[in-house]
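Working notes, beginning with the structure itself.
The values are calculated or read from the model by the stated rules, or taken from the named source; none is laboratory data. Bear in mind that the values here come from a model prediction, so they are computed numbers and not experimental data. When we count neighbours, we look across all protein chains shown, and the Cβ atoms used for this are built from the backbone with ideal geometry, even at glycine. Only protein heavy atoms, including side chains, enter the accessible area calculation; ligands, DNA and RNA are left aside. Shrake-Rupley method; radii C 1.70, N 1.55, O 1.52, S 1.80 Å.
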Amino acid sequence: MPPPLQAQRLLLSHRRLPSPHRRRFTAVSSLPSAPAKTVAAAAAHAPSSILSIRESLLSGERTAAEITAEYLSRLRRTEPSVRSFIHVADAAAEREAEELDRRIATEGLDAVGPLAGVLVGVKDNLCTANMPSTGGSRILDGYQPAYDATAVRRLREAGAIVVGKTNLDEFGMGSTTEGSGFQVTTNPWDDSRVPGGSSGGSASAVSARQCVVSLGSDTGGSVRQPASFCGVVGLKPTYGRVSRFGLMAYASSLDVVGCFGSSVVDTATILSVIAGHDKMDSTSSSHDVSDYKSELVPLDLLESKPLNGMRIGIIQETLGEGVETGVISSIKDAASHLEQLGSVVEEVSLPSFSLGLPAYYILASSEASSNLSRYDGIRYGRQVSGDDLNELYGGSRANGLGHEVKMRILMGTYALSAGYYDAYYKRAQQVRTLVKKSFKEALERYDILVSPAAPSAAYKIGEKINDPLAMYAGDTMTVNVNLAGLPALVVPCGFVEGGSAGLPVGLQMIGSPFSEGNLLRIGHIFEQTLQNYSFVPPLLAES
């Protein structure tokens with residue numbers, strides 16, 4: 001895999017490469033072999049928190065108020081060290097839970113939605129009518145929208161309780177959450193390490209069980225990389241599967257609203273609620289929405305080889321130079337486990353894969369330079385007074401926007417400027433077409449493709465903040481999926497050394513457009529049958 005600078009040169013002198021090379025994947029797993037006749041002997045798998053809450057309310061074992069109090073207590077205990085939330089709406093959550101209990105008492109559980117009593121964290125670049133929405137930027141400090149984003153509205157209508165707004169890199173531009181204008185979020189597995197980004201607050205909150213599930217956004221890996229770093233399940237849907245209405249735009253042709261859960265079942269449940277056409281978003285798809293949870297097969301009903309006949313391609317370019325040895329080992333062990341479940345796993349080469357990273361940063365920065373022009377200090381947000389309009393604009397943006405955002409705006413403006421458009425933006429769009437074609441051809445031969453979600457596990461806070469190229473290279477595994485508009489699911493699959501209990505590694509599963517149901521089914525089988533692992537961070541184990 002070429003390093004970022006070499007890949008950038010390749011972008012400007014791309015040539016067609018030979019047909020994809022394929023070879024049968026083989027690996028010696030360090031894990032015990034699965035039982036030959038049944039997979040039901042696997043270790044205890046990730047339980048569904050949503051299902052548990054539903055059953056508790058149905059049986060009367062616990063009330064919504066008691067469940068809310070439990071999560072808020074854990075949030076208050078862990079938040080000083082984790083710092084997942086920019087804003088916590090604890091009083092509002094308690095009121096909503098009490099109102100929910102009254103409705104259940106008078107009308108029954110059928111009168112409330114499928115997410116009744118489920119506490120949700122919402123990334124702070126998604127608008128919420130009753131609490132601040134800053135995008136992680138000081139330029140929007142104190143801004144409170146008049147409406148909910150469509151994904152948030154649908155969660156509320158299903159009975160969910162929004163507990164607060166989670167931290168992020170400013171306007172989604174970053175991979176560590178160090179780029180927030182407010183605070184640095186830490187990783188529950190090791191508070192000296194980053195949770196990933198830009199949806200680091202949402203991933204960290206679910207990992208620390210401060211909320212049941214959370215919403216994030218994914219422009220180039222901002223759901224999947226934090227899911228890997230924090231040991232949770234993260235889903236990036238197909239472009240258009242979930243409405244972007246109410247999502248603060250970064251790169252409109254790449255932005256997708258995604259979700260986090262501590263299990264595949266919880267993630268599937270959330271997707272069923274937020275997916276679907278929305279007249280407020282012209283790019284949202286009218287493709288049918290399944291009840292994804294109902295399509296998942298429980299462990300005790302699985303066949304001995306539940307993935308029999310399935311073909312899985314492991315992307316060759318994601319297991320080479322620049323990827324940590326421990327990550328490669330974990331992914332190969334995961335591939336061996338998929339083989340034990342009956343699938344055929346082969347390596348497949350995607351020749352254009354290394355070109356995706358520089359193309360992505362040109363396209364995303366170009367779109368950002370246009371989208372972020374709205375933050376001028378006039379209509380909303382922080383305003384710095386000036387003697388004339390240009391001085392007001394310049395002062396407001398200089399004081400309100402962070403370093404990374406300014407840098408990407410400048411990069412994008414340069415790429416779109418006269419004399420450079422063809423060399424950068426147009427060429428990046430051509431590479432995007434090649435990336436789409438490469439994935440389409442591979443997914444015609446394989447049911448899904450797999451890769452690491454990131455080339456490393458979580459690294460130290462401050463380790464890469466002064467080396468943007470190194471930080472950008474961390475998106476190598478994920479940006480191509482956004483360029484192609486495909487769905488991808490990340491499930492925890494192993495550990496590498498680090499911290500007091502190891503650091504989690506995530507397996508990325510990539511599917512054809514609108515194949516979220518298939519990805520969730522495979523991910524659920526993988527999650528249930530993975531042995532000898534528990535993805536509960538030390539922060540919770542100690543308490």
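Worth a mention:
- Near pairs, Cβ below 8 angstrom, 6+ apart or cross-chain, from the stretch 277-305 (closer than 20 Å to Ala251 by Cα and of a type in the set (Asp, Glu)) to any residue that is surrounded by 15 or more Cβ atoms within 10 Å (Cβ to Cβ) and modelled with pLDDT of 95 or more: Asp278/Thr150; Asp278/Ser243; Asp278/Phe245; Asp278/Ser284; Asp281/Thr150; Asp281/Ser243; Asp281/Arg244; Asp281/Phe245
- All positions within the stretch 52-73 that are open to solvent by 20 Å² or more (accessible area, probe 1.4 Å) and touching a Ser or Thr at 6+ places or on another chain (Cβ under 8 Å): Arg62
- Contact annotation: residue pairs with Cβ atoms under 6 Å, 6 or more positions apart or on different chains, pairing a residue in the stretch 215-233 that is closer than 17 Å to Val265 by Cα with a partner that is open to solvent by 10 Å² or more (accessible area, probe 1.4 Å) and not polar (S, T, N, Q), are Gly231/Pro492; Gly231/Phe535.
- Matching residues, the stretch 455-477, being touching a Pro at 6+ places or on another chain (Cβ under 6 Å) and open to solvent by 30 Å² or more (accessible area, probe 1.4 Å): Leu469
- Restricting the stretch 81-101 to residues that are in contact with a Ser or Thr (Cβ under 7 Å, 6 or more places away or on another chain) and not in a loop (DSSP other than H, G, I, E, B), the residue that is most open to solvent (accessible area, probe 1.4 Å): Glu94
- Identity of the residue in the stretch 102-119, touching a residue at least 40 places away in the same chain (Cβ under 8 Å) and in a loop (DSSP other than H, G, I, E, B), that ends up farthest from the chain's Cα centre (by Cα): Val112
- Across the stretch 368-382, the qualifying residues are those that are open to solvent by 30 Å² or more (accessible area, probe 1.4 Å) and on the phi < 0 side of the Ramachandran plot, and the one among them that is farthest from the chain's Cα centre (by Cα) is Ile378.
- Exactly one residue among Arg432, Arg427, Arg445, Arg408 is farther than 25 Å from Ser228 by Cβ, among the basic types (Lys, Arg) and under 27 Å from the mean Cα position of the chain (by Cα), and that residue is Arg445.
Conditions tested, residue by residue: (1) in a helix (DSSP H, G or I); (2) open to solvent by 70 Å² or more (accessible area, probe 1.4 Å); (3) free of Cβ contacts under 8 Å to residues at least 60 places away in the same chain; (4) closer than 13 Å to Leu140 by Cα.
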site	(1), (2), (3), (4)
Gly356	yes, no, no, no
Tyr361	yes, no, no, no
Val384	no, no, yes, yes
Leu392	yes, no, yes, no
Glu404	yes, no, no, no
Met407	yes, no, no, no
Thr413	yes, yes, yes, no
Arg427	yes, yes, no, no
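- In the stretch 134-153, the residues that are surrounded by fewer than 24 Cβ atoms within 10 Å (Cβ to Cβ) and out of contact with any strand residue (DSSP E or B) (no Cβ under 9 Å at 6 or more places or on another chain): Arg138, Asp141, Gly142, Tyr143, Gln144, Pro145, Ala146, Tyr147, Arg153
- Flag if Ser282 is more than 21 Å from Pro537 (Cβ to Cβ), of a type in the set (Ser, Thr, Tyr), in a loop (DSSP other than H, G, I, E, B) and open to solvent by 10 Å² or more (accessible area, probe 1.4 Å): yes
- Test: Ser217 is among the polar types (S, T, N, Q) and in contact with a Leu (Cβ under 8 Å, 6 or more places away or on another chain): yes
- Residue check for Gly164: of a type outside the set (A, V, I, L, M, F, W, C), in a loop (DSSP other than H, G, I, E, B) and open to solvent by less than 10 Å² (accessible area, probe 1.4 Å): no
- Top-ranked residue of the stretch 455-502 - restricted to ones that are in a helix (DSSP H, G or I) and of a type in the set (A, V, I, L, M, F, W, C), ranked as nearest to Asn187 (Cα to Cα): Met471
- The residues of the stretch 484-523 that are open to solvent by 10 Å² or more (accessible area, probe 1.4 Å), over 22 Å from Gln316 (Cα atoms) and not small (Gly, Ala, Ser), listed by number, are Glu497, Phe514, Asn518, Arg521.
- Of the residues making up the stretch 439-454, those that are in a loop (DSSP other than H, G, I, E, B) and buried (at least 22 other Cβ atoms within 10 Å of the Cβ) are Tyr446, Ala453, Ala454.
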